[in-house]
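Chemist: One structure coming up, written as structure tokens, with questions to follow.
The numbers here are math on the coordinates, done by the rules we state, and not lab data. Values in this document were obtained by computation on a predicted structure and should not be read as measured data. Quick reminder, even Gly has a Cβ in these numbers, built from the backbone with ideal geometry, and neighbours come from all protein chains shown.
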Amino acid sequence: MSLGTGPDAWAAWLLKSTRPPTEIDPGWAPGEERELTRCVRRSYRLDLIAPGQPVLLWVSGRVLPGVHAVGTVTGALREDTGGDDGPALPVRLTRLPDPVERGELLADPHFRTAEVLRMPAGSNPSWLSAAQLEAVLARAGLQRLGRWTP
């Protein structure tokens, strides 16, 4: 797959984390929105990211892996984060009432080919095609109307 055009084209960024939302921002309740910065790895993908693009938070690990929040990129990539973590991406994320679990997404014929499942240790950010994004949104009970609406 590529980030080009056609049915497998890019539709959303997927930011990976080993920490669940309550460890990222204590007190972050389901349905609440948070302004955050998330560390990303240097790659050509960073040149493709722009404010307003859709983004999802993927939590990896043994406890409830899957999509835990949805939102948008809110600003330009921040190169100087003052540490060794690399660049950071500002995002606005809304925590889902119930995560869309990895096991459920593995069963979806469109999502099972997602980069995050094929190459879990791959790039951060990862990406989703339109069909993969729709699989997540349908399972989360969300619609896309310019902004995410729970």
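Chemist: Based on the Kirkwood radius over alpha-carbon pairs, what is the Stokes-Einstein translational diffusion coefficient of segment 88-129 at 20 °C with 1.002 mPa s viscosity, in µm²/s? Please list the in-between numbers first.
Modeler: Values: Rh = 12.0 Å.
In µm²/s, the coefficient rounds to 179.
Chemist: Say each of Leu48 and Leu142 gets a label point 7 Å from the Cα, pointing the same way as Cα to Cβ; how far apart are those two points in nm?
Modeler: According to this spin-label approximation, the distance is 2.0 nm.
Chemist: Could you sort 57-69, 32-44, 104-116 so that the peptide with the highest average Cβ count within 10 Å comes first and the rest follow in order?
Modeler: The most tightly packed comes first, giving 57-69, 104-116, 32-44.
Chemist: Among Val73, Leu128, Leu56, whose Cα sits farthest toward the positive end of the charge dipole of the chain (+1 at Cβ of Lys/Arg, -1 at Cβ of Asp/Glu, about the Cα centre)?
Modeler: Of the candidates, Leu128 comes out farthest on the positive side.
Chemist: Sticking with this one: Could you compute the net charge surrounding Asp108? Neighbours are other residues with a C-beta less than 10 Å from the C-beta of Asp108; K and R count +1, D and E count -1.
Modeler: 0
Chemist: I've got another one for you. Before anything else, pin down the relative contact order of segment 10-142: Cα pairs under 8 Å, at least 6 apart, normalised by residue count, whole percent.
Modeler: Relative contact order comes out at 31 percent.
Chemist: Quick check on packing: order 72-78, 90-96 by the mean number of other C-beta atoms within 10 Å, highest mean leading.
Modeler: So the peptides 72-78, 90-96, ranked by packing, come out 90-96, 72-78.
Chemist: Next question, about the same structure. Which net charge results for the neighbourhood of Ser17, defined as the other residues with beta-carbon distances under 9 angstrom from its beta-carbon, given Lys and Arg at +1 and Asp and Glu at -1?
Modeler: After counting each charged neighbour, the total is +2.
Chemist: Charges only on Cβ, +1 for Lys and Arg, -1 for Asp and Glu: so what's the dipole of segment 10-142 about the Cα centre, in debye to the nearest 20?
Modeler: Values: 15 positive and 16 negative charges, 60 e Å.
It works out to roughly 280 debye.
Chemist: How large is the dipole of segment 29-68 about the Cα centre if only Lys and Arg carry +1 and Asp and Glu carry -1, each at its Cβ, rounded to the nearest 20 debye?
Modeler: Working: 6 positive and 4 negative charges, 62 e Å.
Dipole about the Cα centre, nearest 20: 300 debye.
Chemist: Can you give the direction-averaged projected area of the convex hull of the alpha-carbon atoms in segment 10-142, in nm²?
Modeler: With every direction weighted equally, the projected area is 7.6 nm².
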